[in-house]
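The values are calculated or read from the model by the stated rules, or taken from the named source; none is laboratory data. Being a predicted model, the structure only gives us computed values, none of them experimental. Cβ sites come from the backbone with ideal geometry, for glycine too, and all protein chains shown count toward neighbours.
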2 protein chains.
Amino acid sequence: MWMANETHIRDLINRLARLDSAQGWTGDLNPTQLAMLSYLGQANRFSKSPSHVAEYLGTTRGTATQSLKSLQQKGYVAERRSEVDKRVISYELTVTGREMSRSPAPLQAAVSSLSTKERQTFHQLLQSALLDVLARNKGREFGLCKNCQHHQESNKGPYCALLDVELTRDEADQICYEQVSG
Amino acid sequence: MWMANETHIRDLINRLARLDSAQGWTGDLNPTQLAMLSYLGQANRFSKSPSHVAEYLGTTRGTATQSLKSLQQKGYVAERRSEVDKRVISYELTVTGREMSRSPAPLQAAVSSLSTKERQTFHQLLQSALLDVLARNKGREFGLCKNCQHHQESNKGPYCALLDVELTRDEADQICYEQVSG
DNA sequence: ACTATTAATAGCGACTCGAAACTATTGCAA
DNA sequence: TTGCAATAGTTTCGAGTCGCTATTAATAGT
């Protein structure tokens with residue numbers, strides 16, 4: 001038996017992600033594009049701009065712009081400019097894009113062979129590591145809307161106190177840029 | 001409380017790797033080069049060729065060649081041709097390369113804030129997922145020499161029955177391409 | 001109105017990626 | 001021994017990411 005040290009865990013995470021990505025190259029999307037597609041499929045309507053995508057994935061706005069344009073050209077996303085702030089663009093998944101974002105990967109299959117208990121532990125450990133890294137980078141959490149300080153339950157349903165808008169049940173389960181756990 | 005499903009775990013792994021990589025861009029190395037450097041720092045003398053690097057990282061020989069040449073030009077690795085098989089090249093870390101490969105990353109810091117028990121569990125879960133993915137891809141394990149079927153303890157020290165060579169203590173702790181767990 | 005800030009974009013050079021073609025060396029078998 | 005297949009490494013191609021540095025447009029603050 002040997003010590004599971006920090007370097008080994010880091011290497012495992014990187015290798016897993018890399019092998020998973022390597023599979024993702026098949027098809028006409030590369031790993032970055034696939035990750036963006038997946039993010040857009042989970043994000044709420046306030047969190048689908050190039051800036052949000054860039055911050056979530058730890059890349060630059062420049063790359064986000066290019067990748068999203070590429071996705072748009074391939075027909076997986078459609079752009080929509082905001083009426084309120086004309087600088088803001090929101091990228092919505094098309095039907096094709098939604099299908100693509102749900103295609104299974106080898107890593108998912110591997111994870112599903114774990115027991116429920118193991119999965120929960122795994123998720124918790126990854127989440128913990130992620131929050132730690134984000135704190136160090138001053139990055140945003142991008143947690144779920146319903147796990148947010150500003151999330152409230154009014155008599156009409158879910159409500160966001162920060163943006164002062166009513167939400168659908170689905171939206172409460174989505175990723176939000178503004179999410180602050182508390 | 002909600003279910004920790006496969007997709008979320010996959011996304012967490014990918015995001016962690018991505019944020020970790022994003023930091024890796026600082027300096028004159030990119031994430032792939034850094035990963036290769038890290039691998040070479042842990043691999044034994046039989047596992048340092050472009051092919052091995054490519055297979056470990058799930059990329060192609062072409063990319064491995066280019067990246068290693070780039071690392072060589074920057075002075076982090078040195079190439080050495082094998083006497084036995086003149087096709088084979090082995091890339092050794094230089095002193096500068098060894099320093100660079102040990103520079104800490106935010107993800108390592110995050111992992112080290114976990115308890116020893118958590119780290120062990122984390123490591124085990126990641127290892128399990130990795131073996132599963134590798135099995136699906138028919139990929140090699142690249143485990144440690146000393147955890148191998150062919151590893152033996154002779155009166156002179158560690159010994160590899162497959163390659164019929166004697167090993168140093170250090171080498172038994174290194175990554176080996178030929179490793180088969182048993 | 002002037003200014004600072006913010007969102008998105010464009011261009012540059014270095015690089016990764018898959019894929020395919022290519023060279024050199026080795027191994028096997030007739 | 002000669003011939004051929006397999007293997008190790010390289011090269012080239014086009015598409016695309018990445019950090020970086022402008023640049024444009026819209027918004028916010030004074």
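Just wondering, is there one or more residues in the range A:145-152 that are of a type in the set (K, R), within 14 Å of chain B (Cβ to nearest Cβ) and out of contact with any Lys or Arg (no Cβ under 8 Å at 6 or more places or on another chain)?
Pass one, the range A:145-152, residues of a type in the set (K, R): A:146.
Filter again for within 14 Å of chain B (Cβ to nearest Cβ), leaving A:146.
In the following step, the residues that additionally are out of contact with any Lys or Arg (no Cβ under 8 Å at 6 or more places or on another chain) were identified as A:146.
Yes.
If the requirement is being closer than 19 Å to A:E6 by Cα and either modelled with pLDDT under 90 or hydroxyl-bearing (S, T, Y) (or both), which of these qualifies: B:S128, B:S90, B:S82, B:S181? Working first, answer last.
Numbers: B:S90 fails: closer than 19 Å to A:E6 by Cα; B:S82 fails: closer than 19 Å to A:E6 by Cα; B:S181 fails: closer than 19 Å to A:E6 by Cα.
Answer to the selection: B:S128.
Considering only the range A:8-23, I want to know if a residue exists there that is farther than 30 Å from B:S115 by Cα and assigned to a helix (DSSP H, G or I). Please lay out each step first, then the result.
Step one: filter the range A:8-23 for residues farther than 30 Å from B:S115 by Cα, giving A:22-23.
Imposing the further condition that a residue be assigned to a helix (DSSP H, G or I) reduces the set to A:22-23.
Yes - at least one qualifying residue is present in the range A:8-23.
Does any residue of the range B:150-159 turn out to be of a type in the set (F, W, Y), part of a helix (DSSP H, G or I) and not assigned by TED's automatic domain parsing to the domain that holds B:T59? Reasoning before the result, please.
Let us first name the residues in the range B:150-159 that are of a type in the set (F, W, Y), namely B:159.
Applying the additional criterion that residues be part of a helix (DSSP H, G or I) yields none.
Checking the range B:150-159: not a single residue is of a type in the set (F, W, Y), part of a helix (DSSP H, G or I) and not assigned by TED's automatic domain parsing to the domain that holds B:T59.
Which of the following residues is touching a Gly at 6+ places or on another chain (Cβ under 8 Å) and more than 7 Å from chain A (Cβ to nearest Cβ): B:S90, B:S101? Even if it seems obvious, please write down each step before you answer.
Working: B:S90 fails: touching a Gly at 6+ places or on another chain (Cβ under 8 Å).
Sole residue among the options that is touching a Gly at 6+ places or on another chain (Cβ under 8 Å) and more than 7 Å from chain A (Cβ to nearest Cβ): B:S101.
Exactly one of these conditions fails for A:T59: (1) in a helix (DSSP H, G or I); (2) β-branched (V, I, T); (3) within 16 Å of DNA strand C (Cβ to nearest atom); (4) within 9 Å of chain B (Cβ to nearest Cβ). Give me its number.
(1)
Could you say which residue among A:A43, A:A54 is away from DNA strand D (no atom under 14 Å from the Cβ), among the aliphatic types (A, V, I, L, M), under 19 Å from A:Q179 (Cα atoms) and surrounded by 15 or more Cβ atoms within 10 Å (Cβ to Cβ)? Working first, answer last.
Details: A:A54 fails: away from DNA strand D (no atom under 14 Å from the Cβ).
Selected residue: A:A43, the only one of A:A43, A:A54 that is away from DNA strand D (no atom under 14 Å from the Cβ), among the aliphatic types (A, V, I, L, M), under 19 Å from A:Q179 (Cα atoms) and surrounded by 15 or more Cβ atoms within 10 Å (Cβ to Cβ).
Which members of the range B:151-165 meet the condition of being in contact with a strand residue (DSSP E or B) (Cβ under 7 Å, 6 or more places away or on another chain) and either at pLDDT below 90 or of a type in the set (G, A, S) (or both)?
Matches in the range B:151-165: B:K156, B:G157, B:A161.
Of the residues that make up the range B:75-90, is at least one closer than 14 Å to B:I175 by Cβ and part of a loop (DSSP other than H, G, I, E, B)?
So far as the range B:75-90 goes, no, none of its residues is closer than 14 Å to B:I175 by Cβ and part of a loop (DSSP other than H, G, I, E, B).
Considering every residue within the range A:67-90, establish whether at least one is of a type in the set (A, V, I, L, M), away from DNA strand C (no atom under 16 Å from the Cβ) and more than 16 Å from the chain's Cα centre (by Cα).
First, the residues of the range A:67-90 that are of a type in the set (A, V, I, L, M): A:68, A:71, A:77-78, A:84, A:88-89.
From what's left, away from DNA strand C (no atom under 16 Å from the Cβ): none.
No, the range A:67-90 has no match at all.
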